[in-house]
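The values are calculated or read from the model by the stated rules, or taken from the named source; none is laboratory data. Everything numeric here is computed off the predicted structure, so don't read it as measured data. Note: ideal-geometry Cβ built from the backbone for every residue, glycine included; neighbour counts use all protein chains shown. SASA here: full protein model, heavy atoms, side chains in, ligands and nucleic acids out. Shrake-Rupley method; radii C 1.70, N 1.55, O 1.52, S 1.80 Å.
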Amino acid sequence: MSTYEARLVALREQLAKDGLDGFVVPICDEHMSEYVGDYAQRLAWLTGFGGSAGSAVVLKDKAAIFVDGRYTIQVRDQVDGNLYEYVGTADQSVVAWLGENAPESSAIGYDAWLHTQDWAKAAATKLNAKKAQLVAVKTNPIDKVWEDQPEPSLAKLDVQPDEFAGKTAADKRSDIAAWLNEEGLDATVIAALDSVAWAFNIRGKDIANTPVPRGYAIVKADGGAELFVAPEKLSDEVRVHLGNAVSVRDYSEFSDALSEYDGQSVGVDPERSVAAIFGQLKDAGATIVQRRDPTILAKAIKNETEVAGHKAAQARDGAALSKFLHWFSLEAPKGGHDELSVAAKLAEFRGQSEKLMDLSFRTISGTGPNGALCHYSVNEETNRAIETGTLYLVDSGGQYRDGTTDVTRTMAVGEPTAEMIKRYTQVLQGHIALAQAVFPAGTTGGQLDILARQYLWADGVDYAHGTGHGVGAYLSVHEGPQRIAAFGGFNEPLVAGMICSNEPGYYKTDAFGIRIENLILVEQRQVPGAEQEMLGFETLTYAPLDRRLIDRALLSDNQRQWVDDYHQQVLDIVAPQLEGEAANWLQTQCQPL
């Protein structure tokens with residue numbers, strides 16, 4: 001019996017002891033985080049799936065694992081199809097699958113600290129139609145059978161200085177209090193980890209590559225606040241920084257603290273707060289008012305200090321990446337390198353900066369067919385050698401005190417094929433179209449997404465991920481609420497000060513993957529004769545493109561000029577930071593097309 005089969009058997013035995021006929025297992029924590037601490041990696045432990053988004057449902061006689069289009073191939077590589085049915089979330093949701101497969105009169109368990117209230121209501125409705133019920137468990141059954149489950153991190157918090165934050169924590173909480181008074185609310189729950197970090201100008205090390213502390217906050221209309229974190233995590237410096245207006249309580253007290261809001265109006269974000277929070281407040285007699293977390297938009301719209309810091313971080317990150325690209329151009333064709341060793345070399349170049357705090361996510365390092373897995377995560381088992389005649393895709397980033405970076409480059413090893421060149425150029429054309437977009441205020445990312453896909457669509461191909469996501473300021477590399485995509489957050493208007501990624505791609509199964517990603521800043525754009533406020537993008541990422549993959553003949557004059565102008569900016573920003581052969585190489589790479 002395999003490890004994962006044994007774990008599935010153990011879970012089913014525990015469910016039987018608990019009087020349950022099934023259980024839903026998401027990748028999630030108590031804060032609805034995209035990336036979670038090791039203790040919350042329940043889906044990975046149970047199934048072997050290593051992606052950042054997915055769910056499983058385990059019934060007595062069947063089980064299924066649900067992933068989106070990013071992980072269609074990866075889930076088949078990592079999860080045993082004899083144990084789990086593969087389900088694409090675009091084809092069928094977890095709730096719909098439960099409606100079809102849960103036995104009549106069954107009891108399906110879920111952890112109310114890992115799901116939203118809306119999900120729980122939808123699942124309960126679907127199950128009730130079969131006379132089945134959704135049952136909130138007191139203790140997650142996986143935690144009962146996961147013998148060596150890690151404990152939550154107790155890493156110390158630290159202060160994000162005002163010189164990088166651009167606004168004091170007291171001023172931020174004053175703004176939240178003003179919003180509460182405008183809304184007629186007594187308090188609001190802040191559950192998202194990056195929101196807590198932003199509102200209090202603190203950072204942490206509780207999730208790999210994401211500098212957030214594990215904690216909750218309740219901010220009150222009188223300007224006071226409660227911060228719920230493990231007391232072992234607080235230094236004297238952090239306590240002084242928080243000041244007398246912030247009452248610090250143990251993380252474990254949060255659930256009971258919600259019971260103290262009897263008779264009060266409390267704002268709760270239904271998208272970022274779990275069902276258990278709603279349940280606790282309802283039981284306490286609080287009036288629950290569903291409102292978006294008031295930090296979300298304020299955090300997304302970067303202030304002048306954050307923008308300046310981000311540009312400084314991008315400049316040093318671009319130098320590190322350019323040094324790596326030079327090294328790769330020399331060493332990859334020689335052989336003897338693989339996905340892991342090359343990713344380690346890139347991390348080494350970034351680490352030459354004393355200002356690097358961490359990587360911003362686990363580097364996506366894929367060559368050949370692995371590059372076709374758009375969110376591939378290399379490990380010892382999947383690691384491939386870098387071979388001549390292939391494409392190598394590397395998606396990576398750094399966490400700096402003054403900014404978070406995220407950049408993807410695709411490079412040819414040896415001579416690329418005509419197909420590789422054609423697809424790369426089409427991806428580049430889409431990237432340029434989005435970078436050059438000028439649009440009215442109020443435009444959403446969903447309205448711009450087609451710009452990046454148009455050249456691929458015209459040739460009958462596409463990519464199965466969004467074109468862009470928001471990025472934090474020494475926070476989450478994936479930050480909402482804005483997205484440039486045809487799904488999920490696409491209705492959020494883009495606002496000057498937001499940072500997004502621009503990352504169209506193309507992926508040929510079992511062959512190669514291509515992605516070109518820069519970060520872009522939404523900015524006001526002066527358009528002669530304009531009758532309304534107009535916006536556009538400023539590109540923030542600077543590292544050369546692989547000239548060998550660009551078909552100059554496919555580009556318009558305007559597109560060729562964009563590439564030349566971009567490469568000149570790379571020279572202006574990055575070249576002064578390079579020396580010797582690397583500097584000479586960069587000059588060659590950035591010559592006009």
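A few comments on the model shown:
- Partners for LYS299 among lysines (Cα-Cα distance below 18 Å; same-chain residues under 8 apart left out): LYS167, LYS172, LYS311
- With the highest mean first, a sort of the peptides 571-584, 10-23, 422-435 on other beta-carbon atoms found within 10 angstrom per residue produces 422-435, 10-23, 571-584.
- Charge dipole magnitude, Cβ of K and R +1, D and E -1 - the stretch 300-369, Cα centre, debye nearest 20: 120
- GluC sites (Glu not before Pro) within the stretch 97-157, DSSP loop, no more than 10 other Cβ atoms inside 10 Å: GLU104, GLU147
- Of the peptides 236-243, 287-294, the order by per-residue mean of other Cβ atoms within 10 Å, starting with the highest, comes out as 287-294, 236-243.
- Helix 580-589 axis, angle to the chain major axis (alpha carbon atoms, nearest 10°): 90
- Between the stretch 329-392 and the stretch 395-467, the C-alpha centres lie 20 angstrom from each other.
- For the stretch 67-204, a crude dipole built from +1 on the beta carbon of Lys and Arg and -1 on the beta carbon of Asp and Glu, taken about the Cα centre, is about 340 debye to the nearest 20.
- For the chain, accessible area per residue (1.4 Å probe, heavy atoms of protein chains only), Å²: 40
- Rounded to the nearest 10 degrees, the inclination of helix 304-331 to the longest alpha-carbon principal axis of the chain is 60 degrees.
- For the stretch 30-40, Karplus couplings with θ = phi - 60° (6.51, -1.76, 1.60), whole Hz, Gly/Pro x: 6, 10, 6, 6, 6, 9, 10, x, 4, 5, 9
- Proximity of backbone amide H atoms, modeled 1.01 Å from N, is registered between THR390 and VAL413 at under 5 Å, excluding neighbours fewer than 5 places apart on the same chain.
- Lys/Arg +1, Asp/Glu -1 at C-beta; the stretch 316-472 dipole; positive extreme among THR405, SER377, SER360: THR405
- Amide H within-cut-off set for ASP338, under 5 Å, with H built and near neighbours excluded: ILE386
- Here the stretch 1-98 carries DSSP beta bridges of which approximately 70% are antiparallel, counting only pairs with both residues inside.
- For the stretch 38-178, the Kirkwood hydrodynamic radius from C-alpha pairs, put into Stokes-Einstein at 4 °C and a viscosity of 1.567 mPa s, yields a diffusion coefficient of 72 µm² per second.
- A dipole drawn for the chain from +1 and -1 charges on Cβ atoms has a positive end, and of THR305, ALA511, VAL394 the residue lying farthest that way is ALA511.
- Placing unit charges on each Cβ (+1 for Lys and Arg, -1 for Asp and Glu) gives the stretch 87-204 a dipole about its Cα centre, and among ALA165, PRO152, ILE142 the Cα reaching farthest toward its positive end belongs to ILE142.
- Efficiency of FRET from Cβ geometry, ASP256 and ALA496, R₀ 56 Å, rounded to 0.05: 0.85
- Span per principal axis, largest first, for the Cα atoms of the chain (Å): 67, 57, 48
- Using a Förster distance of 56 Å, the FRET efficiency for GLU380-ALA178 (Cβ separation, nearest 0.05): 0.60
- Model label points for ASP459 and GLU85, set 7 angstrom from Cα along the Cα-to-Cβ axis, are 3.8 nm apart.
- The angle separating the long axis of helix 275-284 from the principal Cα axis of greatest extent in the chain is about 30 degrees.
- Counting only residues at least eight positions apart within a chain, or on another chain, the lysines with an alpha carbon under 17 Å from that of LYS17 are LYS60, LYS138, LYS144.
- Subtracting the Cα-Cα distance of LEU554 and PHE487 from 0.36 nm times their residue separation leaves 21.2 nm of extension gain.
- With every protein chain in place, the stretch 442-582: carbon and sulfur % of accessible area (1.4 Å): 48
- Note, ³J(HN,Hα) from phi for the stretch 560-576, Karplus 6.51, -1.76, 1.60, rounded to Hz, x at Gly and Pro: 4, 5, 4, 4, 5, 5, 4, 5, 5, 5, 4, 4, 4, 8, 9, 3, x
- When the solvent-accessible area of the stretch 239-382 is split by element, carbon and sulfur atoms take up 48 percent of it, the probe being 1.4 Å.
- DSSP bridge orientation in the chain - percent antiparallel, rounded to nearest 5: 75
- The chain - charge dipole about Cα centre, Lys and Arg +1 at Cβ, Asp and Glu -1, debye rounded to 20: 660
- Sequence-distant residues sharing a close amide H with SER360 (under 5 Å, placed H): GLY397, GLY398, GLN399
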